[in-house]
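First comes the structure, then the notes that go with it.
Only the coordinates and a few stated rules stand behind these numbers; no lab work does. Predicted, not measured: the structure shown is a model, and the values here were computed from it. Glycine gets a Cβ as well: all are built from the backbone with ideal geometry, and neighbour counts include every protein chain shown.
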Amino acid sequence: MRALDIAGTGMQAQQTNVEVISNNIANMTTTGFKRRRAEFQDLIYQNLRRVGSNSSDTGTIVPSGAQVGLGVKTAAIYSINEQGNLQQTSNSLDLAIQGNGYFQVTLPSGDTAYTRDGTFSLSPEGVIVTADGYPVVPGITIPSNAQSVTIDATGEVQVTLAGQTAPQVVGQVQMAVFPNDAGLESQGSNLLLQTAASGAPVTGTPGSPGFGSVEQGFVETSNVNIVSEITNLITAQRAYEMNSRVITTADEMMSTLTNLR
Amino acid sequence: MPGRICPVGAAGPCRAAESPVAIAPPRWHASCGRRGSITGRTAPDMELATYIALSRLVAQGREMDVTAMNLANASTPGFKAERVLFSDWLDRQAGSKTPPGGRTLTFTQDRATYRDHEQGALQHTGNPFDLAIGGNGWFTVQTPRGPRLTRAGRFSPSADGTVRDLDGDALLDTNGQPIKLAPTDVGIHVAGDGTISSVNGQIAKIGIVAPNDPNRMTAEGGLLYRADVNTSPVAAPRITQGALEESNVEPILETTKMMNELRQFQFVTQFVQAESDRQQNAIDKITQQQS
């Protein structure tokens, strides 16, 4: 009886689904987090009677064949790159991206990672770094005698130094865009890595065509929609229960057969 | 070549048509003439009742497998529920002439499975390349085995800008060509008729086709179907961007069916048990008479 194995694949798929949903709910307040979705596909089919096989030697064909599928598999878990809400923080080094693009960060290994999390601060040397202390690319140093920092929508960083009235440009925030955002690999700590699926990054100035703009004093919240996550969780739980009912039923059928003389 | 089937496309050799999966009726009695015909009616075969019940049990097992498959895919986007079609297999027994209105023996045969092509619910995902088809029609994707049809509208642009599905198969436009986006194509909009446009203007139009006979499709897994007949473009496709078509499996219906299947299975099994007892009883009585 195939029903046992088929329902087993169904339960495994729903377990993956619940894991993805719980990760979304756990990250509902993580800055710059993009919600994920598990995608399922049906497994291969057994052709018990082939579609379109001849039913006589005069060329008549059966109108539909008999195919029994063998279950379900997880095809992908992909991130949904919908824009999150912008939340005001009034911190002059908090940047939110409105639209397409990622900030670039240099990892300790020397590789470049990409993030939408713009909660930046200053290192002891005055360099703009992420919450983990990784420098933002290109490196921008804020002088220690700066009174205020202004970052405009195109990413130009201006500071007003003590005793001066005219602001002074100290750097330019750059952003990267990818042909396929969903192909980026999650690294944890809100960082993403380039893969063969994502394609090579194209860097540019915020606000130019194809690039989002930056908002100073805001952070992008997670795009997890709690209502839809809870709805999905209920659906996943019911689907799990139904698959376990299939197993119980198939078991009962087999036990009926076993008890037959 | 009559009586033989050749797979559509180049894959696989021709092979003899499959015989229907059914329990072969016990014909050997008929051929050796042991079955007598008294007053034009067929004398019942000893095991026949059990064999008929067995044909039902085998078919029931198949139906259970299909229900399990449907429930396992209750949350697979673009999945279409499968249904089982039973037919009766009439045993017109050789050597006996059943009078009109008389009884023939009827075996259950699970003749075919078919797809329920009812529209699934649309679920909002917010992904610009998640496309759902409303009403009739299928997306065409280019696989290494040739073009295949799918209702699972989960696409994304790959590293070179080609719009592909989860397995990396390219989505085809109305001319049967892959759809390629330039790096500057942002703000992707998919119109209801399948026209893809960006800030740079129109890019391509997604080809939505339908097979000329919806039953002549072979499911290959991975939500792909092979059309065994020609396909033609759908006149007025309706595409929704940012949504996926959910599986059209109705869990309540399937669960109810499953309970029904179990009870029928148990009922037929009880029948087999009772028949076995009856035969045992008959054998006991006959042997008692002889002794």
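Quick check: net charge around A:GLU82, other residues with Cβ under 10 Å of its Cβ, Lys/Arg +1 and Asp/Glu -1?
Its environment carries a net charge of +2.
Helix A:3-26 against the longest principal axis of chain A: what's the angle in degrees, Cα atoms only, rounded to the nearest 10?
20 degrees
Over the alpha-carbon set of the stretch A:137-261, work out the extent along each principal axis and list the three values in angstrom, largest first.
Principal-axis extents of the Cα atoms in the stretch A:137-261, largest first: 99, 31, 26 Å.
Once the convex hull of the alpha carbons of the protein assembly as shown is built, what does its volume come to per residue, in cubic angstrom?
Cα convex hull per residue, to the nearest whole number: 184 Å³.
Which whole number gives the average, over all residues in B:270-280, of C-beta atoms from other chains lying within 10 Å of the residue C-beta? Don't skip to the end; give the middle numbers.
Values: counts 2, 0, 3, 4, 0, 0, 2, 1, 0, 0, 1.
The per-residue average across the peptide is 1.
Of the listed peptides B:220-226, B:262-268, what is their order by residue-averaged count of other C-beta atoms within 10 Å, with the highest listed first?
B:220-226, B:262-268
With a Cα-only, solvent-free Debye model of chain A, what are the log10 I(q)/I(0) values at q = 0.10, 0.14 Å⁻¹?
-0.66, -0.98
Shielding by partners for A:28-40, please: the mean number of other protein chain Cβ atoms within 10 Å of each residue's Cβ.
Per residue, the average neighbour count from other chains is 3.
Starting from the Cα gyration tensor of the stretch A:68-218, take the square roots of the eigenvalues, sort them a ≥ b ≥ c, and report rounded, prolate or oblate (rounded when a/c is under 1.5, otherwise prolate if a/b is larger than b/c, else oblate). Before the final figure, lay out each step's value.
On the way: a/c = 2.49, a/b = 2.18, b/c = 1.15.
Prolate is the answer for the stretch A:68-218, as a/c is 1.5 or above and a/b outweighs b/c.
Out of every Cα-Cα pair in the stretch A:128-184, what percent are more than 19 Å apart?
For the stretch A:128-184, the fraction of Cα-Cα distances above 19 Å is 42 percent.
Go through the stretch B:233-242 residue by residue and turn each phi into a ³J(HN,Hα) via Karplus (6.51, -1.76, 1.60, θ = phi - 60°); whole Hz please, and just put x for glycine and proline.
Those phi angles translate into x, 7, 4, 10, x, 10, 10, 10, 8, x Hz.
Over all directions, what mean area does the Cα convex hull of the stretch B:108-246 project, stated in square nanometres?
In nm², the orientation-averaged hull projection of the stretch B:108-246 is 9.0.
Would you mind counting up the charge near A:THR235? Only other residues with Cβ under 12 Å from its Cβ, with Lys and Arg at +1 and Asp and Glu at -1. List each step's numbers first, then the result.
Details: positive: A:ARG238; negative: A:GLU229, A:GLU241, B:GLU246.
My count for the surroundings of A:THR235 gives -2.
Run the Debye formula on the Cα coordinates of the stretch A:1-96, all scatterers equal and no solvent, and tell me log10 I(q)/I(0) at q = 0.15, 0.19 1/Å.
-0.77, -0.95
Let me see the pair-distance distribution of the stretch A:99-167: every alpha carbon pair, 10 Å bin width, integer percents in order.
Whole-percent P(r) values from 0 Å outward: 19, 48, 26, 7, 0.
Among residues other than B:ILE196 whose Cβ falls under 12 Å from its Cβ, what is the net charge (Lys/Arg +1, Asp/Glu -1)?
Net of charged neighbours comes to -1.
Using only Cα atoms, find the angle between the long axis of helix A:226-259 and the longest principal axis of chain A, and express it within 0 to 90 degrees, rounded to the nearest 10.
That works out to roughly 20 degrees.
Comparing A:ARG238, A:ARG49, A:ARG36, which has the greatest mean-square fluctuation in the GNM of chain A with Cα pairs linked when under 10 Å apart?
Evaluated over chain A, the most mobile residue of the options is A:ARG49.
Size of the stretch A:1-45 along its principal axes in angstrom, Cα-based, largest extent first?
48, 16, 5
For the stretch A:187-261, what percent of Cα pairs sit more than 19 Å apart?
72 percent
Of the residues A:SER56, A:SER208, A:SER92, which exhibits the maximal mean-square fluctuation in a Gaussian network model of chain A defined by a 10 Å Cα contact cut-off?
A:SER56
Across peptide A:199-208, how many C-beta atoms of other chains are within 10 Å of each residue C-beta, on average? Mind dumping the intermediate values first?
On the way: counts 6, 2, 0, 2, 0, 0, 0, 0, 0, 0.
Mean shielding count: 1.
Note down the Stokes-Einstein diffusion coefficient of the stretch B:165-281 in µm²/s, whole number, using a Kirkwood radius over alpha carbon pairs, 25 °C, and 0.890 mPa s. Working shown, then result.
Numbers: Rh = 19.0 Å.
Rounded to a whole number, D works out at 129 µm²/s.
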